[in-house]
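In what follows, a structure is listed as structure tokens, so that the remarks can point back to it.
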Amino acid sequence: MKKMMFALFLLVLIPAGILYTILRQPILPYGEDKFIEIPRGASTLKIGEILETAGLLRSPLQAAAWRLFHPRTKFQAGEYRFRKENNADAVLNKIARGDVYFGELTIPEGSSLYDIARILEEQKLLSASEFITAAKDPTIIRDLDPQAPTLEGYLFPSTYRLPHKITAQGLCLRLTKQFREVWRSLHPAVPAHDIVTLASLVEKESAISEERPRIAGLFSNRLKKSMKLECDPTVIYAALVENRYRGTIYKSDLANQSPYNTYQHIGLPPGPIANPGLESLKAALNPAETEDIFFVAQPGATGQHVFSKSLRDHTNAVEAYRRGQKH
């Protein structure tokens, strides 16, 4: 009896040992990362075939063998990145854990669609031109802003987890969806267009949260008085739209007749010039009550501004700024 039991033990142990050895066999080395999509509902053999085609298994049967050792474990659907896995066991364990790949994309507050395009290209997520083309089509935001010339202003700045394979249209949908959620949370009683446009100007003019309601109030005062906003970031944006921005503002930029140039035209530009964050949206919805109509940066690199109610006070503040710059 003991001999029979030992023989049965060997019959089970030897094949199991062989299977285990097969699963631990090294796979062919690969230099670049491999991204593999495991479809929802795929069978074990189908997953094995996908991995074999990608060079991550020697045979689809390795996936079936792995399941014999883990009968209660299921493979998880999703996109996976393989970098250092060097055998079938490591590859299949990753899929069983559901260690799905997500890349991280951070869009800073105040980024324009051109800034986002540059970030995407630098991170090799999408080509800049592909994203710009998609972002210039406002169709997906028309219900919220029928006047929107592009998706500018509605590509909400935040940090996103993205799959490796994402289209420019898919990314725009994700960013505008986030904007919608933030916008709804503010319970706005007014249409989005003017508020988001004003918020984009506020965002570009100050990085200091406490100043933003005051800047929004100042711009509102100028609009009520039919004064030109004379907002430098709009001049820069006009140049970006025309693909001629040279890193600084020239007299020719100030004289540019683009509708975005608030040195040439009274009122808000035709649409946002950047993608504002939450604080700037709040400021545009609730501008501070102020009599200010001028502001200029304080001397030094404080990021703060000097606000003025009269042209005389503003002129003095500008002179102080210039003296500080010379030092």
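Numerical summary
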item: Selected residue [among the charged types (D, E, K, R), in contact with a strand residue (DSSP E or B) (Cβ under 7 Å, 6 or more places away or on another chain) and not assigned by TED's automatic domain parsing to the domain that holds Gly277] from Glu122, Glu109, Glu130, Glu79; result: Glu79
item: Residue identified as modelled with pLDDT of 95 or more, in contact with an Asp or Glu (Cβ under 6 Å, 6 or more places away or on another chain) and not hydrophobic (A, V, I, L, M, F, W, C) among Tyr263, Tyr237; result: Tyr263
item: Residue that is in a loop (DSSP other than H, G, I, E, B) and within 16 Å of Leu218 (Cβ to Cβ), where the choices are Asp313, Asp292; result: Asp292
item: Criterion: touching a residue at least 12 places away in the same chain (Cβ under 8 Å), in a strand (DSSP E or B) and closer than 19 Å to Ala274 by Cβ - qualifying residue of Leu144, Leu105; result: Leu105
item: Test for Thr315: is it hydroxyl-bearing (Ser, Thr, Tyr) and more than 32 Å from the chain's Cα centre (by Cα); result: yes
item: Residues located in region 64-92, provided they are in a helix (DSSP H, G or I) and touching a Phe, Trp or Tyr at 6+ places or on another chain (Cβ under 8 Å); result: Phe69, Ala88, Asp89, Val91, Leu92
item: Region 172-195 residues that are over 23 Å from Thr106 (Cβ atoms) and at pLDDT 95 or above, paired with ones that are in a helix (DSSP H, G or I) and of a type in the set (Gly, Ala, Ser) (beta carbon under 8 Å, 6 or more apart); result: Ile195/Ala284
item: Region 95-113, residues that are surrounded by 20 or more Cβ atoms within 10 Å (Cβ to Cβ) and more than 30 Å from Phe131 (Cβ to Cβ); result: Ile95
item: Any hit, region 259-270, residues being outside the structural domain of Asp115 (by TED's automatic domain parsing), out of contact with any His (no Cβ under 9 Å at 6 or more places or on another chain) and not in a loop (DSSP other than H, G, I, E, B); result: no
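The values are calculated or read from the model by the stated rules, or taken from the named source; none is laboratory data. Note that the structure is predicted; figures quoted are calculated from it, not measured. Using ideal geometry, Cβ is built from the backbone for each residue, glycine included, and neighbour counts are taken over all protein chains shown.
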